[in-house]
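Read the structure below first, then the notes.
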Amino acid sequence: MAKIKTIGILTSGGDAPGMNAAIRAVTRAGIYNGFEIKAVYRGYDGLITDDIKPFTTENVSGIIGQGGTILKTARSKAFATVEGRKTAYDNLVKEGIDALVVIGGNGSLTGAMKFAQEHDFCCIGLPGTIDNDLYGTDSTIGYDTTMNTIVECVDRIRDTAQSHERIFFVEVMGRDAGFLAQNSAIASGAEAAIIPEDSTDVDQLARFMERGIRKSKRSCIVIVSESPKCGAMYYADRVRKEFPDYDVRVSILGHLQRGGRPSARDRILASSTGVGAVEAIMQGQRNIMVGVRNNEVVYVPLSEAIRSDKPFDRKLIKVLDELSI
Ligand code: F6P
């Protein structure tokens, strides 16, 4: 295998607070260890359009505390095609890039895995998503910050919910994963969480209402994981129909959950996985995601990282139920 001299770096998919800290870490650790660094702009689209520039340590100075991503990001449709990935490969060769660090979530790392297999290319993933749905790492870059943002919002919603004695359905992001909803519900003292991990076999709203929450509390907050069919609006409408005397409101937190300065935890996770990515390249690792488990940096095969069944700690459901009486 030829010696790796130049590392490309890109961010892809939904932005997440801490991505800049990860870009900084890969750039600095790369340069420290003698590599050239090239930044790819606008995710995989930038590989296809050759939107690539050399990076020095100055390019990443002062960004550790900034939200978003200085490299911009995209959900590339072109990279999902064989032709798109071939053009991307040709541009990588032209730019002299021989390893690629991809900071992104499930879809982005799936793209990296496909690309690595098709073109026998060294791809290293960093877990960059607020959803925390990547397998093999305890947390993902952006998850902690977003959780704190949600908790701050719910604290504010509680003020008005209590004043008006209302039921609030607060919708949070997380696509197909309930980590944000369940844990932010616990951290904000919400009365319930409605999460995808639980939705196939139980009517979570009925279970919650049966607990007779309104007997002990005049107001309550239910955190709902976003879902195209059964989001906060759906549950609010059901309560309005089934319990017409309840005063119901909905708050969809939306993209404000993705912005803001990364928490210290996310900056540390981004920094240690960024350094871990460069170390992995030096060790000759290929096609892995760098995660952190039990405070140890770990290398997880990309095929494992994108598994859709990241374990959800069901004890957390009991914790929330018991504490919300
Ligand atoms: O994957 C991160 C995420 O924030 C999901 O939680 C959410 O479903 C999605 O991205 C929203 O994507 P977009 O910003 O493209 O609408």
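Structure remark: mean-square fluctuation, Gaussian network model of the chain, C-alpha springs under 10 Å; the largest value among S271, S163, S108 belongs to S163. Spin-label model, V93/E210: points 7 Å from Cα along the beta carbon direction are separated by 6.2 nm.
Placing pseudo-labels 7 Å out from each Cα toward the beta carbon at V202 and T56 gives an inter-label distance of 5.9 nm. So with the 1.4 Å probe, I'd like the accessible area per residue for the stretch 144-258, rounded to whole Å². Using a 1.4 Å probe on heavy atoms only, each residue of the stretch 144-258 averages 47 Å².
Taking the longest Cα principal axis of the chain as reference, the axis of helix 179-188 is set at about 50 degrees.
Subtracting the Cα-Cα distance of S163 and F243 from their residue separation scaled by 0.36 nm leaves 26.8 nm. Computed over protein heavy atoms with a 1.4 Å probe, the carbon and sulfur contribution to the accessible area of the chain reaches 50%.
Note that the stretch 144-258 carries a Kirkwood radius of 13.9 Å, evaluated over its alpha carbons pair by pair.
With Cβ to Cβ distances under 9 Å as the rule, what net charge do the other residues near H119 carry (K, R +1; D, E -1)? In short, 0. Inter-label distance, R156 to R265: 2.1 nm, where each label sits 7 Å from its Cα along the C-beta direction.
Accessible area ranking (1.4 Å probe, heavy atoms, ligands and nucleic acids excluded), largest first, for K310, K94: K94, K310. Counted by Cβ distance under 14 Å from I141, the other residues give a net charge of -1, where Lys and Arg count +1 and Asp and Glu count -1. Sorted into 20 angstrom bins from 0, the C-alpha pair distances of the chain split as 33, 48, 18, 1 percent.
Legend: distances between Cα atoms for K229/K318; K53/K310; K86/K310; pairs beyond 28 Å are K53/K310; K86/K310.
The values are calculated or read from the model by the stated rules, or taken from the named source; none is laboratory data. A quick note: this is a predicted structure, and the numbers were derived from the prediction, not measured. As a convention, Cβ positions derive from the backbone with ideal geometry for all residues, glycine included, and neighbour counts pool all protein chains shown. We work out accessible area using only protein heavy atoms, side chains counted, and drop any ligands, DNA or RNA first. Shrake-Rupley method; radii C 1.70, N 1.55, O 1.52, S 1.80 Å.
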